[in-house]
Amino acid sequence: MDRPPRLLDQMREALYARHYSLRLERAYCLWVKRFIYFHHLRHPADMGEPEINAFLTHLAVRENVSASTQNQALAALLFLYRQVLVRDVGDLKGVIRARHTTTVPVVMTRAEVRDVLDQLEGDKWLIASVLYGSGLRLLECLRLRIKDVDFSRCKITVHDGKGGKNRMTMLPGSLVRPLQEHLRSVRNTHERDLADGWGRVMLPYALDRKYPNAPGDRRRQWVFPQANRWKNAKTGQEGWHHIHETMVQRAVKEAVSRASITKHVGCHTFRHSFATHLLEAGYDIRTIQELLGHKDVRTTMIYTHVLNRGGQGVRSPLDLT
């Protein structure tokens, strides 16, 4: 007789069925594990609101986590009870909430952006340039496929971005030629792989079963493939994946150090700088909201903090004396 699936396996299946990202799946399962261990390996089905309140309060009081971290833990437990255990969660008003702080994004000046880009080369320079020139998140950039880049209209289409949303943003005209040259190299590598019997990429949502030839289609190849093919040790199948994000993060960190920039700059700082520099150039907040893919314009409004005259055009009295 087959044993019923374990709780975490049920959790993963429920998350996968609802198209949650792999990262969120791992995070949610980790929070469920921590919840279970916090209550000395009791099964969640035997626990309820008091135990959830105690765990969330412990995170805020003892572990001093941020409000966003506590909210993610709560979301994971609510998903577990509502979607896996099919049980409603009642009163959670007794939870001590972590202190919510508004963080101000770090933004580079245009000169600092140029200094960092000057310290990069090859595909790392191109990736960082796309991050700044198009306002993409790092994984959105690395997951681009050739078909997502429209050179004739200078547009980039982001599929399944944060929150599962699709959007369009601009492709800087200065990157058209470098990106085309890069894709010629990618195409040559792909053609050699096809001749050797490889040249296939992984596709989401079982598209490879629906369209058997799609994984080998040149248009579906990664814009930024990794240096070496991956190989399945069991089947012997080989293919390509995109560059791992840690490689780009490391290259940017080293470039920032060589540029002698003291700000805490990472890959996401290029996106913050993209939005801020567009605001400084006079573009309206709703246009920038669409380019960034923000659901709420209030999220985009945080970039008004760096404008020289403030969000409402206010000048310091010291500048008027």
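The values are calculated or read from the model by the stated rules, or taken from the named source; none is laboratory data. From a predicted model like this one, the values you see are computed outputs, not experimental measurements. Cβ sites come from the backbone with ideal geometry, for glycine too, and all protein chains shown count toward neighbours. Side chains are part of the model used for accessible areas, which takes the heavy atoms of the whole protein and leaves out ligands, DNA and RNA. Shrake-Rupley method; radii C 1.70, N 1.55, O 1.52, S 1.80 Å.
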Per residue, accessible area of the range 26-116 with a 1.4 Å probe, heavy atoms of protein chains only, in Å², comes to 58
Contact order relative to length for the chain, counting C-alpha pairs under 8 Å separated by 6 or more residues, stands in percent at 17
The size of the Cβ-based charge dipole (Lys, Arg +1; Asp, Glu -1) of the chain about the Cα centre, to the nearest 20 debye, is 280
Mean projected area (nm²) from the convex hull of Cα positions in the range 1-89 is 6.3
Sorted on mean Cβ neighbours within 10 Å (highest first), peptides 11-17, 271-277, 256-262 come out as 271-277, 11-17, 256-262
Carbon and sulfur atoms account, in whole percent of the 1.4 Å probe accessible area of the chain, for 50
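Holding the Cα-Cα limit at 28 Å, pick out from Lys124/Lys147; Lys162/Lys263; Lys33/Lys295; Lys33/Lys253; Lys33/Lys162; Lys155/Lys263 the pairs that are longer than that.
Pairs exceeding 28 Å: Lys33/Lys295; Lys33/Lys253; Lys155/Lys263.
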Hydrodynamic calc, the range 27-136: Kirkwood Rh from Cα pairs, then Stokes-Einstein at 37 °C with viscosity 0.692 mPa s, so D in µm² s⁻¹ is 193
A student asked for the Cα radius of gyration and Dmax of the chain in angstrom ought to give 23.4, 85
Contour minus Cα-Cα span, Arg286 to Leu8, at 0.36 nm per residue, comes to 96.0 nm
Only helices counted: for the chain, with every DSSP H run of 4 or more residues adding -39500 (n - 2.57) and the sum spread over all residues, [θ] at 222 nm is -14000 deg cm²/dmol
With 0.36 nm assigned to each residue of separation and the Cα-Cα distance removed, Glu25 to Arg177 gains 50.9 nm
Expressed in angstrom, Rg and Dmax over the Cα atoms of the range 251-307 are 13.0, 37
